[in-house]
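Below is one structure, written out as structure tokens; the observations come after it.
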Amino acid sequence: MKLFEANITNSVIAFFKNSKELSIENVNSKIKSTCGINAFFEIQSELDELINTISNNKNIINEPDRAEYGDFQTNRNLSDDICNLLKNKNTEPEIIIEPTCGKGNFIISSLNTFENIKYIYGVEIYKPYVWETKFAILDYFLKNINSNLPEINIYHYNVFDFDFKKISNKHKNRKILVIGNPPWVTNSKLSSLGSDNLPLKSNFKNHNGIDAITGKGNFDIGEYISVKLISLFSKLNGKFAFLVKNSVAKNILLEQNKTKYQISNIRQFDIDAKKEFNVSVNACLLLCSLHKNPGETISEYDFYTNNLIREYGWVNGKFVANIDLYLKSKDLDGRFPFVWRQGVKHDASKIMELEIRNGYYLNNNKEKVEIENDLVFALLKSSDLKGNVIDKSRKYTIITQRKVGQETKYIKELYPKTFNYLFNNIEYFNKRKSSIYEGKPLFSIFGIGDYSFKPYKVAIAGMYKTTTFSLVKPINNKPVMLDDTCYFIGFETLIEAEITQILLNKEITQNFIQSIAFKDAKRMITKDLLMRINLNEIINETDFYELQLEIPNLNIVDWKSYKGKLTKQVFEEKQQLDLFGELNQKKKVASGSVPTPYY
Ligand SMILES: C[S@@+](CC[C@H](N)C(=O)[O-])C[C@H]1O[C@@H](n2cnc3c(N)ncnc32)[C@H](O)[C@@H]1O
């Protein structure tokens, strides 16, 4: 049966039926002596409504949409298993704090598992869950009459406004367990729902400007609550055990080299979120000891088998994904001598991406497109970067600029068919949401520069879990474009591209990448990661004959020249560009000039 929209068991209904004639004070005191909860009913009308509903056997079931509350209730098996895991690790808390307690499963599992609990505090914003928690606790004690009876407070409150300091001040010398599963929702999801279920200062990482636009300002509400509780309780003895997304655990550790929360023995037990919550996300139990010297690494285990997966975190000021692998390849942690570039971005794939069908271009709206060839280039996406050498493409794209912000009036004059096509589809450009396009010339694109027009490229997919690099050759005698999910470096000569590809695909390089790449990140490969590869060190570890096995036409002169270019450079931006002819190319194309067509 449901009461106050909360599930209620028959034993609890029977309990209230036997309390029908009593006043609110008497019922509250009877409840307190039965199960420890203070002020079960806050006002008389709540008690009246309950008695009335039980008498009439009314049943209210409408469940509202709870997306903004990141509502994924932990099942009892999982909360039991988590409490048992804690107990097996010698956790015997006196104070339990569940800051977003939902239906109360962690509270019930704690009562079931720990024997020395003196106080329990639960906070929950959704009133039916507050009732459900209270009913569940009462039910627990009706069935376990000899159980240790703590003092229990379940607050119907917003966690962002709740004063946890009072609790931490009151229990300074007690063993605390902060346990729970905070909401699984991000601030950007909340803003799309028009919800204000946010802390007052929602930009808690102080991101601003471009970071906010690119999404670095986006954060998980669960992360905010975790960090808030860790800082509030880290001066007390005890443990923190929260179910969170793996990205939250990683983010907390990422900040740990600056913030130095007094937490240590940080462990992450990966759960199967599909099985437990029916959501496809990587999630874990984040467990750490409070009031300790700040730890800077996390040991990651499988929750179900307890097998160690890896250890990750800070090593000598560097953040790494696998400490064991990293220690074997750390000499490769340095600075890449060229700038890794992201591919082209236009946010108008319906009309900017083309395929060739029966000799015609077809756009993503399946419309036939008749335009000049000059501004059309082959396009590769992350999913296309599978082979070792790529010289074919499924897709093409229109490149309207040679550099970001370049005037595009020339298109009307030189390529009238292309202009008409783009102009007839101007709505696709006008509805692009990103502010980067504001005030820019017509048909503007991003991620474009002289580097995009280099004939040979070594490229890697950002969105896939593979870490091997592909060699991209010109198609139809024109350089190939990559989309913005890919990263690449461009070369003037094939041999230099080939050498770079082989060096990057060497086992030592691959091990190093694996040691710093976070597999559960949405974009596993990032520019920051690629810029850490110390190519010079890889060169030092490589000899000519080893390379010649992979590139049979390599001669010693090419190898020496390649090495010379790298080792002699002081890596300033200007010189970096000059490597492999980028600066020479730059001189040829005066800024703002008409693009040089490729034939
Ligand atoms: C992921 S569920 C987990 C519930 C419970 N901790 C458990 O483990 O089953 C998150 C809970 O947070 C509650 N919640 C969301 N926003 C809240 C807020 N601002 N204050 C308090 N509770 C909130 C939701 O109603 C929901 O019950």
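A short reminder: the numbers here are calculations on the coordinates, not readings from a lab. This is a predicted model, so every value here is computed, not measured. Neighbour counts are summed over all protein chains in view; Cβ atoms, including those assigned to glycine, are modelled from backbone coordinates with ideal geometry.
Check which residues have an amide H placed less than 5 Å from residue 475's amide H, if you skip close sequence neighbours.
The list, which skips near neighbours in sequence, is 480.
Less than 17 Å apart at the alpha-carbon level, and either on another chain or at least 8 residues along: which aspartates and glutamates does that give for residue 258?
223, 296
Could you list which residues have their amide H under 5 Å from that of residue 283, counting only those 5 or more apart in sequence or on another chain, with H placed in the peptide plane?
246, 271, 273
Determine the distance separating the Cα centre of region 386-415 from the Cα centre of region 131-146; give it in Å without decimals.
First find each Cα centre; the distance between them is then 67 Å.
Enumerate the calculated ³J(HN,Hα) couplings along region 342-357 in order (Karplus 6.51 cos²θ - 1.76 cosθ + 1.60, θ = phi - 60°), each rounded to whole Hz, writing x wherever the residue is Gly or Pro.
8, x, 6, 10, 9, 6, 9, 5, 4, 10, 8, 9, 10, 10, 9, 10
Can you compute the modelled spin-label distance between residue 365 and residue 254, with each label point 7 Å from Cα toward Cβ, in nm?
Roughly 3.8 nm, to one decimal.
Report for the chain the percent antiparallel among DSSP-assigned beta bridges with both residues inside it, nearest 5.
In the chain, DSSP labels about 65 percent of beta bridges as antiparallel.
Once the Cβ-Cβ distance between residue 112 and residue 557 is put in as r, and R0 is 56 Å, what FRET efficiency do you end up with, to the nearest 0.05?
Plugging the Cβ-Cβ distance into 1/(1 + (r/R0)^6) gives 0.15.
Which FRET efficiency value, to the nearest 0.05, do you get for residue 153 and residue 412 by plugging their Cβ-Cβ distance into 1/(1 + (r/R0)^6) with R0 = 56 Å?
Values: r = 71 Å, r/R0 = 1.27.
Efficiency computed from Cβ-Cβ geometry: 0.20.
Given 158, 259, 312, which one lies farthest toward the positive end of the charge dipole of the chain, if we put +1 on the Cβ of every Lys and Arg and -1 on the Cβ of every Asp and Glu?
Of the listed residues, the answer is 259.
Going through the cross-link list 292/330; 103/465; 239/318, which pairs have a Cα-Cα distance over 30 Å in this structure?
103/465
Show which lysines lie in cross-link reach of residue 560 when reach means a straight Cα distance below 21 angstrom and same-chain residues fewer than eight apart are skipped.
Correct list for residue 560: 457, 506, 568.
Quick one: putting +1 on the C-beta of Lys and Arg, -1 on the C-beta of Asp and Glu, what dipole do you get for the chain around its Cα centre, in Debye to the nearest 20?
680
Which residues among region 148-186 fall inside the zone where the amide N is under 19 Å from a point 7 Å beyond the Cα of residue 76, along Cα→Cβ?
Residues 148, 180-181 fall inside that zone.
Can you work out the FRET efficiency for the pair residue 89 and residue 328, with r the C-beta to C-beta distance and R0 = 35 Å, to the nearest 0.05?
The formula returns an efficiency of 0.70 here.
Grab the Cα-Cα distance for residue 442 and residue 463, subtract it from 0.36 nm times how many residues apart they are, and report the gain in nm with one decimal.
Extending this stretch completely gives an extra 4.6 nm.
Please report how far the C-alpha centroid of region 79-116 lies from that of region 429-499, rounded to the nearest whole angstrom.
Each part's Cα centre sits 52 Å from the other's.
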